[in-house]
Amino acid sequence: MRAARLIKMVLLLQARPAMTAAELAAELEVSERTVTRDAQALSDAGVPVYAERGRAGGYRLVGGYRTRLTGLARDEAEALFLSGLPAALREMGLEDAASAARLKVSAALLPSLRDASSSAARRFHLDAPSWYHEPETPELLPAIADAVWDDRLLRVRYRRGGGREQEGTEVARELAPYGLVLKAGVWYLCARAGEDFRVYRIDRFTAVEPAEGRFDRDEGFDLPGFWEERAAGFARSLLRTEVTVRVSGRGARLLAYAGDRAAAAAALAKASEPGPDGLRTLTLPVESLDVAYGQLLALGPELEVLAPESLRVRFAEAAERLREMYR
């Protein structure tokens, strides 16, 4: 365990000019005291780790020292070849670069590990698009991906989406493109517009061209964390109304597949205890009554709508039509 930590410490210092004890402690998930002891152990072993005191001090490797402890184990090599999405790389125009990189990595591996690429490909495949949807590659995606890699500002024209009176109108923006996200076959750009970070659907860009100069990337920006927060907020923003229902045990299990999974889980957590008939009453956030009708009708007799009355009437009418149809 300690040997692996010492190797990681050397590799961290090799990749950066210098690191403070606090930074190393955070990366290695140990205390600063342990970092001090590990640095001394490396020094005793002949690794030229130099400690600088003071506010701007830290640890660094002396004289351009490079370790040879960069060999990959088999599981590490196989995991490396799982890190890319072939279709996504192709859509961004990076398929050739990724292929060349894999060949170079394969050539650098020990002979016993050179089958890692095919070994991983035979066992795992990630299919990003959702079911029943034919994925389409946005025409402007490669140009946007180039700007993301190059930290280059973009001048764009963007077609607004739903939920606004100006739906479909185009707006001009200058963006600092921070990162791309592929969600269920749809590409999104996370970008800074002025002082705010926003999310844009790539297929709504109608024009893209490089602007003058590059932007200074905020190194504290966490793309996965930002996306998770915005995606959760977007899902919550869609749930603008509520319905009251009674569900059976089976209906409760199916509820997560009929609409928003998180909203269903939260509603079930607050639901009443099962009555003599085994049904539980709960209040469920939904996007609209029309959407709720389509989603909840799929549960059939496992769910009864109690309120609002207008939705209950629609369910009663549907039940009557079904009764007549199957009489």
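The values are calculated or read from the model by the stated rules, or taken from the named source; none is laboratory data. Because the structure is a prediction, the values reported are computed rather than measured. Don't worry about glycine lacking a Cβ; one is built from the backbone with ideal geometry, like all the others, and counts go over all protein chains shown. These accessible areas exclude ligands, DNA and RNA; they are computed on the full protein's heavy atoms, side chains included. Shrake-Rupley method; radii C 1.70, N 1.55, O 1.52, S 1.80 Å.
The phi torsions of segment 292-304, fed into the Karplus equation with coefficients 6.51, -1.76 and 1.60 and a -60° offset, translate into couplings of 4, 4, x, 6, 7, 4, 5, 7, x, x, 7, 9, 10 Hz, rounded to whole numbers, with Gly and Pro shown as x.
In terms of its C-alpha gyration tensor, segment 196-243 has an oblate overall shape, because the principal axis ratio a/c (a ≥ b ≥ c, square roots of the eigenvalues) is not below 1.5 and a/b does not outweigh b/c. Label separation (A26 vs R122): 4.3 nm, computed from points 7 Å beyond Cα along the C-beta direction. Counting charges near D151 (Lys, Arg +1; Asp, Glu -1) among other residues having Cβ under 13 Å from its Cβ returns a value of -1. So if we plug the beta-carbon distance of S288 and D218 into 1/(1 + (r/R0)^6) with R0 = 45 Å, what FRET efficiency do we get, rounded to 0.05? FRET efficiency, S288 to D218: 0.75.
On segment 1-45, 54 percent of the accessible area sits on carbon and sulfur atoms, based on a 1.4 Å probe. Expressed as a whole percent, the accessible surface of segment 251-326 that belongs to carbon and sulfur atoms is 58, based on a 1.4 Å probe. Would any residue of segment 282-316 have its amide N under 19 Å from a label point 7 Å out along Cα→Cβ of M325? List them or say none. Only 290-305, 312-316 pass the distance filter.
Modelled label positions at E273 and S237, each set 7 Å beyond Cα in the direction of Cβ, lie 4.1 nm from each other.
Taking every protein chain into account, the accessible area of segment 168-315 amounts to 56 square angstrom per residue (probe 1.4 Å).
When nucleic acids and ligands are ignored and a 1.4 Å probe is applied, V62 ends up with an accessible area of around 70 Å². With the simple model of a label 7 Å out from the Cα in the direction of the Cβ, V313 to R198 spans 4.1 nm. For segment 148-160, 3J(HN,Hα) computed residue by residue from phi via the Karplus equation (6.51, -1.76, 1.60; θ = phi - 60°) reads 4, 5, 9, 6, 9, 5, 10, 9, 10, 10, 10, 8, 5 Hz, glycine and proline entered as x.
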